[in-house]
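FYI, it's all coordinate maths here, none of it is from the lab. These figures come from a predicted structure and were not determined experimentally. As a convention, Cβ positions derive from the backbone with ideal geometry for all residues, glycine included, and neighbour counts pool all protein chains shown.
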Amino acid sequence: MGMNTQGRPTRMAENIQTGGYADTVSGSRGLDQAEPLIFERGNLEHCGVDLPEPRGTASRLGGLERQGQIGLPGLAEPETMRHYVRLSRKNYAIDLGLYPLGSCTMKHNPRLNEKIARLPGFADVHPLQPASTVQGAYELMGELAHWLMTLTNMPAVALSPKAGAHGEFCGMMAIRAKLDADGQTHRRRVLVPESAHGTNPATAVQCGFVCDEIPADKTGRVDMEAFKAKLGDDVAGIMLTNPNTCGLFERDIREIADLIHAAGGYFYCDGANFNAIVGRVRPGDLGVDAMHINLHKTFSTPHGGGGPGSGPTVLSDALAAFAPVPYVVKDGETWKMVEHAAEAEGEPFGRMAAFHGQMGMFTRALTYMMSHGSDGLKRVAEDAVLNANYILARLKHVMTPAFEGSCMHEALFDDRFLKDTGVSTLDFAKAMIDEGYHPMTMYFPLVVHGAMLIEPTETESKGGLDRFVDVLEALAMAAKSGESERFLAAPVHAPTKRLDETRAARQPVLRWAPDSGEAAAAE
Amino acid sequence: MRYLPHTDTDRKAMLEAIGVASIDDLFQDVPEAARLDGLIDLPTRQGELQVERALSAMASKNISAGQAPFFVGGGAYKHHIPATVDHLIQRSEFLTAYTPYQPEISQGTLQTLFEFQTQVALLTGMDVANASMYDGSTACAEAVMMAARVTRRNKAVMAGGVHPHYVEASKTLAKYSDVKISVTDPDVADLSAVMAAIDEETACVVVQTPDVFGRLHDLRALSEAAHEKGALVIAAFTECVSLGLVESPGAMGADIAVGEGQSIGVGLNFGGPYVGLFACKDDRRFIRQMPGRLAGETVDADGRRGYVLTLSTREQHIRRDKATSNICTNSGLCSLAWTIHMTLLGERGITRLARLNHEMACALADRLSAIEGVELVTDTFFNEFTLRLPRPAAQVVDDLARIGVLGGVPASRLYPGKFEDLLIVAATETNTDGDLVAFEKALRGVL
């Protein structure tokens with residue numbers, strides 16, 4: 001059996017009976033329609049766009065005209081529509097059901113946000129138009145910045161990071177710039193808890209730091225003795241997620257902040273789990289120096305099958321001067337964009353990407369914030385925490401919570417309840433697919449064996465949670481009563497059976513090629 | 001609140017089931033000093049109507065590209081997007097799905113990514129492509145870092161014609177690494193300075209074509225020279241429509257092609273979100289060093305074809321501090337928009353679209369350069385070119401905006417304190433002959 005480094009199986013064990021459908025002639029199964037690749041469906045002649053005839057004027061390409069075909073197939077509009085609608089039906093989505101991926105905050109995506117983002121005044125505006133023609137866009141960025149700084153009680157925010165990991169990069173670059181400006185060039189060690197997202201250590205290294213892992217204590221939080229022992233004059237800071245990836249609030253967070261500051265380092269807070277505390281707790285009151293905010297998590301901008309995200313990063317007074325360009329400022333009644341380091345008041349560490357950030361996400365997030373208001377956002381955090389604790393309370397008798405006590409916005413279980421059942425966390429997750437649910441986050445955080453991290457979010461109703469809990473309870477009972485077959489074969493009711501990830505990695509096929517279909521068939 | 005389903009009765013029942021008296025009991029781990037008594041000082045909840053009214057008022061303060069004769073480019077371009085694209089990307093199953101970590105219920109996303117990767121590879125003339133980066137500038141920065149890993153060298157040479165934002169994003173990513181980036185003089189029109197800068201320690205050269213001024217570059221001689229010294233060639237582009245008409249990076253010897261996909265399917269969006277295209281040659285050394293997600297083909301337990309995310313041992317969630325990049329979320333929905341638009345276009349559509357763009361730009365260049373005192377400084381171009389004006393271009397652009405023409409990007413906006421008389425002008429298929437006439441008239445008026 002293939003395994004990855006998280007201990008998660010990547011291919012099915014041999015000799016598993018998957019049941020199996022009687023094959024149909026077409027390969028479709030009723031409404032689950034087989035859909036070939038566009039390269040197998042279309043050809044170079046088809047086109048789904050009507051464009052006028054070129055005039056045939058002489059080109060100014062300096063002899064660099066393309067020689068030969070590109071090889072791109074086209075489809076007429078009806079064929080295009082069917083191709084993508086058919087494919088869409090092979091996806092799970094929030095709009096279809098509970099999507100309890102821990103650490104991902106899969107909440108309802110309001111359609112008002114989509115409508116506002118598509119107003120021509122926001123969607124059809126160019127980032128390099130003269131300032132006089134985009135005052136509303138600058139104002140929207142200013143307003144979003146105001147909401148984010150107020151919600152976090154932080155004095156500055158960089159809006160340009162394009163996703164959470166990009167925001168981490170922003171915050172850690174600001175810390176590095178500050179240390180270097182203060183002559184603290186010997187500070188290169190960053191403390192990162194074992195339970196951290198993989199982006200944290202990857203980011204620290206990208207900023208020229210080395211990572212030093214801190215273990216978790218038996219309550220799932222930072223081991224304070226180990227943390228204190230690691231402090232020293234080469235420490236640049238700590239990257240800590242709060243609430244952490246075990247779904248727990250770091251009770252000692254103020255002490256951690258004080259100690260890291262006293263040791264001459266800075267506190268980067270990974271804001272991926274801000275949804276648990278928004279409107280109720282302000283990170284600025286916890287001693288945070290930098291924190292990114294995933295607008296695609298807490299502020300409901302759609303995940304879109306893997307982005308686009310947006311990761312504005314709030315900064316403390318100590319770091320604000322090092323914020324990257326560009327940023328908007330209000331000069332009397334007029335907004336302007338500071339685009340170059342030479343025009344900036346502080347000492348920007350640089351520019352993170354072209355233009356000004358993920359405007360399309362800014363409009364959606366601000367729409368969401370204004371809809372909720374300060375009262376609604378507080379309720380968001382409360383209901384998110386209530387829902388996770390409800391799941392924890394209802395399942396702790398049949399599944400095994402990883403830690404004692406209540407949780408914040410996500411409930412973490414380990415795989416002890418599956419001991420000796422022959423069912424792994426992966427099998428359990430795949431059985432959830434057959435029941436019509438997207439599985440929870442599996443095998444993360446790494447500090448818990450066979451982890452199952454469930455984040456329901458605040459947009460699930462009590463009835464919906466009750467149905468979900470009933471299913472998980474029944475599955476746990478089934479596993480314990482020896483019904484391992486249904487788990488090992490799962491999923492059997494999804495568009496595909498379990499997919500062979502080992503084969504995909506060992507014999508990479510990363511694109512279609514004219515003969516790849518035949519090659520696969522010959523095996 | 002319309003997005004929150006619980007009633008107070010539900011909440012009470014749930015607190016009882018949990019065994020606590022109030023919601024405050026669930027926040028007891030928060031330090032006393034950080035507990036807020038009341039609400040944060042921000043406006044309270046509002047209905048759809050009120051929010052829409054407030055934000056529509058803000059939007060109406062902007063002049064949108066569709067409201068004026070529009071010629072602004074400089075890394076983002078106005079193109080027509082078929083209605084089908086926006087409809088399809090708003091399908092709930094695409095819009096509200098997460099990264100396809102559970103492939104059995106994510107085949108829609110995975111197959112479209114596999115198709116996207118193939119289309120990007122074909123268009124750039126490369127062998128493989130990843131599932132997207134944030135945008136062209138970050139794709140460019142990641143390519144520089146990848147080239148350094150592949151070659152185990154640490155010098156990168158960027159041509160002066162690379163978009164300054166791309167250069168700055170690359171310098172930011174490389175700032176605290178071993179990689180040192182030098183940039184050649186943007187005044188030099190050809191690649192001689194880039195060629196001269198290559199030595200045995202050079203990891204890569206980065207050349208943008210069409211470059212930020214619109215000039216096209218033949219990469220063949222440069223590729224030969226770079227490869228001779230063991231350096232890689234990174235071809236960058238900000239206008240992917242150009243690849244419908246101009247020779248591809250792959251055909252000109254590039255090892256990595258990176259650029260902005262915004263022109264196809266995505267729209268202007270005031271600068272983001274966009275979609276970074278990232279493609280390279282099929283070389284094991286390259287693929288193992290690629291940043292970002294890759295969709296790959298495999299089979300399920302019944303032997304049926306399916307797709308999964310693969311080669312994730314390059315990525316942060318597995319490799320942590322040894323990952324090729326910290327990227328996690330990429331630009332999924334924008335890559336979907338790109339692939340749908342490209343499927344509608346196909347070979348016939350993209351080549352014709354590119355031709356129309358070029359012809360519109362040629363017609364505009366002829367018109368504007370006929371004005372006394374205006375000089376066309378780019379002798380080759382695709383859909384964007386640079387003019388030398390008798391007055392500072394930034395002032396001219398402001399004057400044009402006042403009379404309702406969005407007339408391009410002053411080069412000084414990208415190069416502060418330099419090129420004050422240069423104006424970068426783009427034309428696309430969305431312009432009409434009437435737009436060209438209006439621009440010419442307006443420019444004559446303000447000069």
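Pick out, from A:Pro491, B:Leu95, B:Ala225, the residue whose Cα sits farthest towards the positive end of the charge dipole of the protein assembly as shown, with +1 on the Cβ of Lys and Arg and -1 on the Cβ of Asp and Glu.
Working it through, the farthest residue towards the positive pole turns out to be A:Pro491.
Long-range amide H contacts for A:Ala156: which residues qualify at under 5 Å (H placed 1.01 Å from N, peptide plane, sequence gap of 5 or more or a different chain)?
Here the answer is A:Leu315, since their amide H atoms fall under 5 Å of that of A:Ala156.
Kirkwood Rh and Cα-based Rg: tell me the resulting Rg over Rh for region A:375-496, rounded to two decimals.
Numbers: Rg = 14.4 Å, Rh = 14.7 Å.
Answer for region A:375-496: 0.98.
How many times 2.2 N^0.38 Å is the alpha carbon radius of gyration of region B:364-447? The partial results should precede the final answer.
On the way: Rg = 11.7 Å, N = 84, 2.2 N^0.38 = 11.8 Å.
Region B:364-447 yields a ratio of 0.99.
Which order do the peptides B:46-58, B:344-356 come out in when sorted by mean C-beta neighbours inside 10 angstrom, highest first? Intermediate results must be reported in sequence, preceding the final value.
Working: B:46-58: 15.7, B:344-356: 23.2.
Top to bottom by mean Cβ count within 10 Å: B:344-356, B:46-58.
Counting only Cα atoms, I'd like the Rg/Rh figure for chain A, Kirkwood definition for Rh.
Values: Rg = 25.7 Å, Rh = 25.7 Å.
Over the Cα atoms of chain A, Rg/Rh equals 1.00.
How big is region B:83-341 by the Kirkwood estimate over distinct Cα pairs, in Å?
Computed over region B:83-341, the radius equals 18.4 Å.
Kirkwood hydrodynamic radius of region B:1-146 from all distinct Cα pairs, in Å? Could the numbers behind the result be given before it?
Values: mean 1/r = 0.0453 Å⁻¹.
So the Kirkwood estimate lands at 22.1 Å.
Structure shown: which of A:Lys178/A:Lys228; A:Lys430/A:Lys497; B:Lys155/B:Lys229; A:Lys419/A:Lys480 lie over 18 Å apart, alpha-carbon to alpha-carbon? Spell out each step's value before the answer.
Numbers: A:Lys178/A:Lys228 23 Å; A:Lys430/A:Lys497 10 Å; B:Lys155/B:Lys229 12 Å; A:Lys419/A:Lys480 9 Å.
Result: A:Lys178/A:Lys228 exceed 18 Å.
Shape verdict for region A:26-122, please, from the Cα gyration tensor: rounded (a/c under 1.5), prolate (a/b greater than b/c) or oblate. Mind dumping the intermediate values first?
Working: a/c = 2.62, a/b = 1.55, b/c = 1.69.
Oblate shape, in that a/c is at least 1.5 and b/c is the bigger or equal ratio.
Indicate, rounded to the nearest 5 percent, the antiparallel portion of the DSSP beta bridges found entirely in the protein assembly as shown. If you can, show how the numbers build up before the last one.
On the way: 50 of 84 bridges.
Of those bridges, close to 60 percent are antiparallel.
Convex hull over the Cα atoms of chain B, averaged projected area in nm²? Intermediate values should be presented prior to the final figure.
Values: hull surface 110.7 nm².
Its Cα hull, projected and averaged over all orientations, spans 27.7 nm².
What's the center-to-center distance, using Cα atoms, between region A:32-53 and region A:186-250 in Å?
Taking the Cα centre of region A:186-250 as reference, the centre of region A:32-53 is 50 Å away.
Kindly provide the pair-distance distribution of region A:244-339 built from C-alpha pairs, with 10 Å bins from 0 and whole-percent values in order of increasing distance.
Here the calculated profile for region A:244-339 is 13, 37, 33, 15, 2.
For the pair B:Asp283/A:Lys230, report the inter-label distance in nm, with labels modelled 7 Å from Cα in the Cβ direction.
According to this spin-label approximation, the distance is 3.8 nm.
Can you give the log10 of the normalised intensity I(q)/I(0) at q = 0.19, 0.22 Å⁻¹, computed with Debye over equal Cα scatterers of region B:296-335?
Taking Cα atoms of region B:296-335 as identical point scatterers yields -0.71, -0.80.
Got a sec to turn the phi values of region A:336-343 into Karplus ³J(HN,Hα) couplings, 6.51 cos²θ - 1.76 cosθ + 1.60 with θ = phi - 60°, whole Hz, x for Gly and Pro?
Coupling constants for region A:336-343: 9, 9, 8, 10, 10, 3, 5, 8 Hz.
May I ask you to evaluate 6.51 cos²θ - 1.76 cosθ + 1.60, the Karplus curve with θ = phi - 60°, for each residue of region A:200-209 and list the ³J(HN,Hα) values in order in whole Hz, giving x for glycine and proline?
Going residue by residue, I get 4, x, 4, 5, 4, 5, 4, 9, x, 9 Hz, with x marking Gly and Pro.
Given Cβ point charges of +1 (Lys, Arg) and -1 (Asp, Glu) and nothing else, what value in debye, to the nearest 20, does the dipole of the protein assembly as shown about its Cα centre take?
Working: 91 positive and 121 negative charges, 87 e Å.
Here the protein assembly as shown has a charge dipole of around 420 debye.
Strictly over 27 Å apart at the Cα level, which of A:Lys115/B:Lys171; B:Lys180/B:Lys418; A:Lys162/B:Lys180; A:Lys297/A:Lys462; A:Lys330/B:Lys180; A:Lys115/B:Lys78 would you flag in this model?
Numbers: A:Lys115/B:Lys171 37 Å; B:Lys180/B:Lys418 24 Å; A:Lys162/B:Lys180 24 Å; A:Lys297/A:Lys462 21 Å; A:Lys330/B:Lys180 36 Å; A:Lys115/B:Lys78 20 Å.
Long pairs (Cα-Cα over 27 Å): A:Lys115/B:Lys171; A:Lys330/B:Lys180.
Quick one: which residues, 5+ away or cross-chain, put their amide H under 5 Å from the amide H of A:Ser195? H built at 1.01 Å from N.
Those qualifying (amide H under 5 Å, at least 5 residues apart or on another chain) number zero.
Quick one, could you list the DSSP H helices from chain B stretching 30 Å or more along their long axis (Cα atoms) with average Kyte-Doolittle hydropathy of 0.0 or above?
Details: long enough: B:332-369 (41 Å, 0.34).
Both cut-offs are met by B:332-369.
Rounded to the nearest 20 debye, what is the charge dipole size of region A:113-369 about its Cα centre when +1 sits on each Lys and Arg Cβ and -1 on each Asp and Glu Cβ?
Values: 21 positive and 29 negative charges, 124 e Å.
Approximately 600 debye in magnitude.
So which residue, out of B:Asp41, B:Asp255, B:Asp135, gets the largest mean-square fluctuation from a GNM of chain B using Cα contacts under 10 Å as springs?
With Cα springs under 10 Å in chain B, the top fluctuation among B:Asp41, B:Asp255, B:Asp135 is at B:Asp41.
Of all alpha-carbon pairs in region A:165-294, indicate the percentage at a distance above 26 angstrom. If you can, show how the numbers build up before the last one.
On the way: 954 of 8385 pairs.
Result: 11 percent of Cα pairs exceed 26 Å.
Could you work out the helix-only [θ] at 222 nm for the protein assembly as shown, with each DSSP H run of four or more residues adding -39,500 (n - 2.57) and the total divided by the number of residues, to the nearest 500 deg cm²/dmol? Before the final figure, lay out each step's value.
Numbers: 31 runs with 345 residues, N = 970.
My calculation for the protein assembly as shown gives -11000 deg cm²/dmol from helical runs alone.
How about A:Lys107: which aspartates and glutamates have a C-alpha closer than 16 Å to its C-alpha, ignoring those fewer than 8 places off in the same chain?
Partners found: A:Asp95, A:Glu382, A:Asp383, A:Glu410, A:Glu455, A:Glu458, A:Glu460, B:Glu93.
Tell me which aspartates and glutamates have Cα within less than 17 Å of A:Lys336's Cα, excluding those fewer than 8 residues away on the same chain?
Counting by Cα, and skipping residues close in sequence, A:Lys336 has these aspartates and glutamates nearby: A:Glu139, A:Glu143, A:Glu345, B:Asp398.
Peptide B:126-133: average number of partner chain Cβ atoms within 10 Å per residue? Could the numbers behind the result be given before it?
Numbers: counts 1, 3, 4, 2, 1, 4, 3, 3.
What the average comes to for B:126-133 is 3.
Taking amide H atoms as placed 1.01 Å from N in the peptide plane, list the residues 5 or more away in sequence, or in a different chain, whose amide H sits under 5 Å from that of B:Tyr98.
A:Gly305
Give me the compactness ratio for region A:65-112, meaning the Cα radius of gyration over 2.2 N^0.38 Å. Don't skip to the answer; put the middle values down first.
On the way: Rg = 18.2 Å, N = 48, 2.2 N^0.38 = 9.6 Å.
Here the answer is 1.90, to two decimals.
For an R0 of 35 angstrom, estimate the FRET efficiency from the Cβ-Cβ distance between A:Asp420 and B:Ser22 and round to the nearest 0.05. It would help to have the intermediate numbers written out before the result.
Values: r = 40 Å, r/R0 = 1.15.
Rounded to the nearest 0.05, the efficiency is 0.30.
Provide the packing ranking of B:411-422, A:298-309, B:317-328, B:290-301, i.e. peptides ordered by the mean count of other C-beta atoms within 10 Å per residue, highest first.
Details: B:411-422: 17.9, A:298-309: 28.9, B:317-328: 21.6, B:290-301: 24.1.
Packing order, densest peptide first, comes out as A:298-309, B:290-301, B:317-328, B:411-422.
Using only alpha carbon positions, build the gyration tensor of region A:300-430, then give the equivalent ellipsoid semi-axes as the square roots of 5 times its eigenvalues, largest first, whole angstrom.
Numbers: eigenvalues 377, 71, 47 Å².
They are 43, 19, 15 Å, listed from largest to smallest.
At what distance in nm do the modelled label points of B:Leu447 and B:Arg220 sit from each other, each positioned 7 Å from its Cα along Cα→Cβ?
With each label point 7 Å from Cα toward Cβ, the separation is 3.6 nm.
Could you check what % of the DSSP bridge pairs in chain A are antiparallel, to the nearest 5? Could the numbers behind the result be given before it?
Numbers: 23 of 39 bridges.
Just about 60 percent of them are antiparallel.
Return one quarter of the surface area of the convex hull spanned by the alpha-carbon atoms of region B:193-319, equal to its mean projected area, in nm². Could the numbers behind the result be given before it?
Working: hull surface 44.1 nm².
Orientation-averaged projected area of the Cα hull: 11.0 nm².
Put +1 on the Cβ of every Lys and Arg and -1 on every Asp and Glu Cβ in the protein assembly as shown; which of B:Cys334, B:Phe385, A:Leu179 then has its Cα farthest towards the positive end of the dipole?
It is B:Cys334.
Taking R0 as 60 Å, what's the FRET efficiency between A:Glu65 and A:Lys396 from their Cβ-Cβ distance, rounded to 0.05? Present the calculation step by step, with values, prior to reporting the outcome.
Details: r = 68 Å, r/R0 = 1.14.
Once the sixth-power term is evaluated, E becomes 0.30.
When the expected Rg is taken as 2.2 N^0.38 Å, what fraction or multiple of it is the alpha-carbon Rg of region A:113-369?
That works out to 1.00 for region A:113-369.
Using only the Cα atoms, work out Rg/Rh for region A:201-253, with Rh taken as the Kirkwood radius, to two decimals.
Rg divided by Rh gives 0.97.
Taking every DSSP beta bridge that has both residues in chain B, what percent is antiparallel when rounded to the nearest 5? Intermediate results must be reported in sequence, preceding the final value.
Details: 22 of 40 bridges.
Counting DSSP beta bridges with both partners in chain B, the antiparallel share is about 55 percent.
Can you give the Kirkwood hydrodynamic radius of the protein assembly as shown from its Cα pairs, in Å with one decimal?
Details: mean 1/r = 0.0351 Å⁻¹.
After inverting the mean inverse Cα-Cα distance, the result is 28.5 Å.
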